[in-house]
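Peer 1: Structure in structure tokens, see below.
What follows is calculated from the coordinates using simple rules that are stated; it is not laboratory data. From a predicted model like this one, the values you see are computed outputs, not experimental measurements.
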Amino acid sequence: MRSSDLSWAICSRRKAKSAKRAANSAQATVAAAAKTFDRSAKKALKLEKAFAELRKQRQASNQKTVAPAAKP
């Protein structure tokens, strides 16, 4: 085996390891982003439900105050 073949094999192996590390890092980044997105979506859903409940309460309150005044 020539030294150039050996150095090529070593370099190729290093590149493969580096690519594997980069892929693992990218995969971890994507997983973290998905987890963050999931948390944000859950929070948004909670807020949406809370606002809907407040809207219902407000409408009920408005109907109570407006209904008696409408009677002659």
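Peer 1: Quick one: among A33, A50, A60, which has the greatest mean-square fluctuation in a GNM of the chain with alpha-carbon springs under 10 angstrom?
Peer 2: Highest fluctuation of the listed residues: A60.
Peer 1: Rg/Rh for the chain: what does it come to with C-alpha atoms and Rh from Kirkwood? Present the calculation step by step, with values, prior to reporting the outcome.
Peer 2: Details: Rg = 31.1 Å, Rh = 18.1 Å.
Rg divided by Rh gives 1.72.
Peer 1: Where does helix 3-70 land angle-wise versus the long Cα axis of the chain, in degrees 0 to 90, nearest 10?
Peer 2: Value to nearest ten degrees: 0.
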